[in-house]
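The values are calculated or read from the model by the stated rules, or taken from the named source; none is laboratory data. Computed from a predicted model, the values in this text were never measured in an experiment. Ideal geometry is used to build each Cβ from the backbone, glycine not excepted, and the neighbour counts take in all protein chains shown.
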2 protein chains.
Amino acid sequence: MDTAEGAARAREAGTRNRRGGRVPTASMADVARLAGVSSQTVSRVSNGYAGVTEETRRQVLAAMKELGYRPNSAARALKRGEFRTIGVITFSLATTGNVRTLEAIATSAAGEGYAVTLLPVAVPTQDEVRGAFSRLEELAVDAVIVIMEVHLLDAASLTLPPHVQVVVVDSDADDHYTVVDTDQAGGTRAAVRHLLDLGHDTVWHLAGPEGSFAAQRRTDAWRHTLTEAGRTPPPLVRGDWSAESGHRAGLELAARPECTAVFAANDQMALGLLRALHERGRRVPEDVSVIGFDDIPEAGSFLPPLTTVHQDFAEVGRLCVQAVLRKMREAGPERGTTLVPTRLVTRASTAPPPERTGPAPDVWGDPPA
Amino acid sequence: MDTAEGAARAREAGTRNRRGGRVPTASMADVARLAGVSSQTVSRVSNGYAGVTEETRRQVLAAMKELGYRPNSAARALKRGEFRTIGVITFSLATTGNVRTLEAIATSAAGEGYAVTLLPVAVPTQDEVRGAFSRLEELAVDAVIVIMEVHLLDAASLTLPPHVQVVVVDSDADDHYTVVDTDQAGGTRAAVRHLLDLGHDTVWHLAGPEGSFAAQRRTDAWRHTLTEAGRTPPPLVRGDWSAESGHRAGLELAARPECTAVFAANDQMALGLLRALHERGRRVPEDVSVIGFDDIPEAGSFLPPLTTVHQDFAEVGRLCVQAVLRKMREAGPERGTTLVPTRLVTRASTAPPPERTGPAPDVWGDPPA
DNA sequence: GGCTGTTATGTTTACGTAAACATTTGATGG
DNA sequence: CCATCAAATGTTTACGTAAACATAACAGCC
């Protein structure tokens, strides 16, 4: 299983491309010639059509193998009018959510016989975005999934080829696009209620960056859940998703003794927050409860293990692919939003608030410092 | 400039796809007809060739715009014999390293006018790998970058189209492939020496999974650096890159009072290790020093902030793209390894060992457990 | 004024595949 | 034994682009 095959491969495929000559790939015509049939018959075998004698089929397959024949996907795409490829546009792969979603998309797409082409937009400047999309315009893609706030996309005056379908994650543009997303509001509500149920008067919020729809949605839901419960939302503290920003925010929050519960908009910021609280001597969860969002794999290893909202990224990715393929096949300009439910994962970073006010009035009251 | 044109466009490009009919995209011929030139002239304008009158060019561009013309990349690829696409094969995007490398590859490739197609291999079973590669065989790709131990690739009896060049990350197969990788050995040596220089007798190692070349390399270098310094390597503790596995290993290590310094093969495992040590009441860095590998963005927010080996993933990705494009252009079967240097980032998780043996002999000796 | 050379543009062709149509072969039935 | 039909295979054509080649127009020159 080595020498013979190796030699055949070297001969046919011309591994010995020493002199830099482009080695021609065998085409259907070559296979047909060797097998003594027409190229159409080769095509039929290649595509698994019925109506080919077993005998013929075997001959063709043998010829294919000998020549190392591979269908030329460019020619196929040209002929069929489709590329069997889905493009994914995203800002950086720095955030867990984007990556996990991307991975699920790629896996789902592969299952459907589609490839995934990545279109990263490095810096969110107008120019960058515009550049990426002008590249996209002539990209070999049948459909596009956009993982970012879609208004940035409009800002780039994106024009896609007419038959390219679009599905969007992390956006609220469900009046213009098909949107698949995590149920941000539901997850947030679960997190905030969990803290209120534990007895906290109110819940502080460490928000994500303003540009992100997901962040916006979580902030809105946080505020809504609090007012719904008759509590006053404390001032908003803003981060940028990074642990470092969580740390900065945490130093601020640690200075406020009235802050006993914090809902961080993602786990990374919660991590930084935990460090800041620790540095300031505020114990978690005894003095302050912290809850995150995402349930990254490391969340269970934080100090203390983080209570957080679990997102089903795999499901989001799968639904994206399903939706975009359905749109392609039915050519329907379907719109609207599909939400993927979340699940609260309770670990060790949340607890009832420290005894402060309540039944026992002023036994050893807080030192006013 | 509206009714006539609008009608023309509707006729040509058929924007009115109400009835689900596939909308034909305008071709060069359409543009040529509208502009009153030959399709070859349209091609010249499209590809920016000189030798077209400014007047003609303007007319063609106007016609393109009116018809919403987009070059058909399938036809282009067929004609040119290349796809301007690089395929990236990787096991899951769960590890930071893979993701960051992928991102850098995508960015670099875009800069060179290449798209990146993702080929995830979900589960590392023989079948999965084989399946992925049989898909790859007919993938529209000019070159491939493999981010995984390449022997898995051989196991799948991979046959690539002859002119597809391959570059590999995380592998030692530099006698068969072009390899670009982080300088695992150098980074490990820096980490281990840092701990020895602080005065630790020896350094324990929390290794990555056996299948990973990077893990293997780090383990080898750890052992080598220790013996080189005349120390005896303690028994190996193995993890699987996850924080959870680091936690398990940490519980073991915490039980050994002689363990004062641990080199974890990545930051996630270091995180779990930190938690385990904390749970067991062993202070970091006073009792035990911990050092990681990768320098993930969160490492600075661990408790305590983690000393770790910084990897330049962006550079690895960039070099991969460069190497693969060079191989394509020069058609040289270039081999060998390019190493990207690392940098030790000193934070708060490492310190000299606790006073134990040394000048003061047996003042309060260790309780024998 | 015709020759040469240059520049702008047009025409032909081929890339590899697969649909549509055409032909051949062999079997079945009257 | 030929008409009929189905199955297997062959032939033609078109997909959209761009290289190669062909032509036209015009300027410069002796």
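Where helices (runs of 4 or more DSSP H) fall wholly inside segment B:168-254, the ranges with 3 or more residues that are small (Gly, Ala, Ser) and touching a helix residue (DSSP H, G or I) at 6+ places or on another chain (Cβ under 7 Å) are B:243-254. Considering B:Asp267, B:Asp197, the condition of being under 20 Å from B:Glu286 (Cβ atoms), at pLDDT 95 or above, not assigned by TED's automatic domain parsing to the domain that holds B:Thr90 and not hydrophobic (A, V, I, L, M, F, W, C) is satisfied by B:Asp197 alone. State yes or no: is A:Asp294 charged (D, E, K, R), within 14 Å of chain B (Cβ to nearest Cβ), farther than 16 Å from B:Phe302 by Cα and surrounded by 24 or more Cβ atoms within 10 Å (Cβ to Cβ)? The answer is yes for A:Asp294. Count of segment A:79-104 residues, restricted to those that are crowded, with 19+ Cβ neighbours inside 10 Å, in a helix (DSSP H, G or I) and within 16 Å of DNA strand D (Cβ to nearest atom), is 0. Within segment B:50-73, one or more residues are closer than 30 Å to B:Val169 by Cβ and either within 9 Å of DNA strand C (Cβ to nearest atom) or at the interface with chain A (Cβ under 10 Å from one of its Cβ atoms) (or both). Residues in segment B:41-62 that are surrounded by 10 or more Cβ atoms within 10 Å (Cβ to Cβ) and near DNA strand D (Cβ under 10 Å from one of its atoms): B:Thr41, B:Val42, B:Ser43, B:Arg44, B:Val45, B:Ser46, B:Tyr49. Looking only at segment A:39-49, residues that are more than 8 Å from DNA strand C (Cβ to nearest atom) and in a loop (DSSP other than H, G, I, E, B) come to 1 in all. Selection over segment A:319-333 of residues that are within 13 Å of A:Asp181 (Cβ to Cβ) and surrounded by fewer than 24 Cβ atoms within 10 Å (Cβ to Cβ) gives a count of 2. With respect to being assigned to a loop (DSSP other than H, G, I, E, B) and either in the same structural domain as A:Thr101 (by TED's automatic domain parsing) or at pLDDT below 95 (or both), A:Glu286 falls outside the description. Restricting attention to segment B:78-123, the residues that are within 20 Å of B:Ala265 (Cβ to Cβ) and either out of contact with any Cys (no Cβ under 8 Å at 6 or more places or on another chain) or facing chain A (nearest Cβ under 8 Å) (or both) add up to 11. Would you confirm, using the coordinates I've provided, whether B:Phe263 is crowded, with 19+ Cβ neighbours inside 10 Å and within 11 Å of chain A (Cβ to nearest Cβ)? It is false that B:Phe263 is crowded, with 19+ Cβ neighbours inside 10 Å and within 11 Å of chain A (Cβ to nearest Cβ).
Only one of the numbered conditions (1) modelled with pLDDT of 90 or more; (2) more than 9 Å from DNA strand D (Cβ to nearest atom) is not met by A:Arg19, and that is (1). Taking segment B:197-231 as the search range and keeping residues that are free of Cβ contacts under 8 Å to residues at least 40 places away in the same chain and among the hydrophobic types (A, V, I, L, M, F, W, C), which one is surrounded by the most Cβ atoms within 10 Å (Cβ to Cβ)? Per the criteria, the residue is B:Ala221. Just one of (1) at pLDDT 95 or above; (2) not in a helix (DSSP H, G or I) fails for A:Leu274. It is (2). For segment A:85-101, a residue qualifies if it is under 8 Å from the mean Cα position of the chain (by Cα), of a type in the set (Val, Ile, Thr) and modelled with pLDDT of 85 or more, and the qualifying residues are A:Val99, A:Thr101. Checked against (1) more than 30 Å from A:Val144 (Cβ to Cβ); (2) part of a helix (DSSP H, G or I); (3) within 38 Å of the chain's Cα centre (by Cα), A:Tyr69 meets all criteria but (2).
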